[in-house]
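Everything below concerns the one structure shown next.
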Amino acid sequence: MSEQTSRSTIIAAAIIFGGLLIGGYFLPDIINYVALFSPWLAIGVGILFVLAVFVIFWLRGRYQRRHGR
(Lines give C-alpha, C1' and ligand atoms only; values in the text may rest on other atoms or scores of the structure.)
Protein backbone atom coordinates (compact mmCIF):
# COMPACT_ATOMS: atom_id res chain seq x y z
CA MET A 1 0.00 0.00 0.00
CA SER A 2 1.44 3.33 -1.01
CA GLU A 3 1.73 6.29 1.30
CA GLN A 4 -0.98 8.21 -0.62
CA THR A 5 -3.44 5.31 -0.38
CA SER A 6 -2.73 4.93 3.32
CA ARG A 7 -3.21 8.64 3.90
CA SER A 8 -6.53 8.74 2.01
CA THR A 9 -7.75 5.68 3.94
CA ILE A 10 -6.93 7.34 7.26
CA ILE A 11 -8.64 10.58 6.20
CA ALA A 12 -11.76 8.72 5.05
CA ALA A 13 -11.89 6.73 8.28
CA ALA A 14 -11.51 9.90 10.35
CA ILE A 15 -14.32 11.64 8.44
CA ILE A 16 -16.65 8.65 8.81
CA PHE A 17 -15.80 8.23 12.49
CA GLY A 18 -16.28 11.96 13.15
CA GLY A 19 -19.63 11.94 11.38
CA LEU A 20 -20.77 8.96 13.42
CA LEU A 21 -19.64 10.61 16.65
CA ILE A 22 -21.46 13.85 15.87
CA GLY A 23 -24.56 12.02 14.68
CA GLY A 24 -24.55 9.73 17.71
CA TYR A 25 -24.11 12.67 20.05
CA PHE A 26 -27.11 14.59 18.69
CA LEU A 27 -29.27 11.54 17.89
CA PRO A 28 -31.02 11.34 21.31
CA ASP A 29 -31.97 15.03 21.16
CA ILE A 30 -33.24 14.65 17.60
CA ILE A 31 -35.24 11.55 18.48
CA ASN A 32 -36.77 13.25 21.55
CA TYR A 33 -37.76 16.26 19.45
CA VAL A 34 -39.28 14.13 16.69
CA ALA A 35 -41.08 11.98 19.29
CA LEU A 36 -43.08 15.04 20.31
CA PHE A 37 -44.83 14.73 16.94
CA SER A 38 -44.86 10.96 16.46
CA PRO A 39 -43.18 8.10 18.32
CA TRP A 40 -43.21 6.04 15.13
CA LEU A 41 -41.36 8.78 13.28
CA ALA A 42 -38.78 8.87 16.07
CA ILE A 43 -38.23 5.12 15.68
CA GLY A 44 -37.82 5.69 11.96
CA VAL A 45 -35.16 8.33 12.57
CA GLY A 46 -33.19 5.92 14.76
CA ILE A 47 -33.47 3.15 12.17
CA LEU A 48 -32.36 5.52 9.40
CA PHE A 49 -29.27 6.49 11.41
CA VAL A 50 -28.27 2.85 11.88
CA LEU A 51 -28.93 2.06 8.20
CA ALA A 52 -26.91 5.11 7.15
CA VAL A 53 -23.85 3.61 8.85
CA PHE A 54 -24.11 0.48 6.72
CA VAL A 55 -24.86 2.46 3.55
CA ILE A 56 -21.72 4.56 4.06
CA PHE A 57 -19.51 1.48 4.33
CA TRP A 58 -21.30 -0.22 1.42
CA LEU A 59 -20.73 2.82 -0.82
CA ARG A 60 -17.09 3.06 0.23
CA GLY A 61 -16.59 -0.62 -0.58
CA ARG A 62 -18.20 -0.16 -4.02
CA TYR A 63 -15.97 2.81 -4.71
CA GLN A 64 -12.84 0.89 -3.73
CA ARG A 65 -13.79 -2.13 -5.84
CA ARG A 66 -14.57 0.06 -8.83
CA HIS A 67 -11.25 1.87 -8.60
CA GLY A 68 -9.19 -1.26 -7.90
CA ARG A 69 -8.05 -0.38 -4.39
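The values are calculated or read from the model by the stated rules, or taken from the named source; none is laboratory data. Computed from a predicted structure; not experimentally measured. Methodologically, a virtual Cβ is constructed for each residue, glycine included, from the backbone with ideal geometry; neighbour enumeration extends over all protein chains shown. Calculation scope for accessible area: heavy atoms of the full protein, side chains included, ligands and nucleic acids excluded. Shrake-Rupley method; radii C 1.70, N 1.55, O 1.52, S 1.80 Å.
Please report, in debye to the nearest 20, how large the charge dipole of the chain is about its Cα centre when each Lys and Arg carries +1 at its beta carbon and each Asp and Glu carries -1 there.
I would put it at about 460 debye.
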**Prompt:** Ignoring ligands, DNA and RNA, what percent of the accessible area of region 3-65 is carbon or sulfur (1.4 Å)?
**Reply:** 77 percent
**Prompt:** By its C-alpha gyration tensor, with a ≥ b ≥ c as the square roots of the eigenvalues, how is the chain shaped: rounded for a/c under 1.5, else prolate for a/b larger than b/c, else oblate?
**Reply:** oblate
**Message:** Nearest 500 deg cm²/dmol is fine: what mean residue ellipticity at 222 nm does the chain get from its DSSP H runs of n ≥ 4 alone, each adding -39,500 (n - 2.57), divided by its residue count?
**Reply:** -32000 deg cm²/dmol
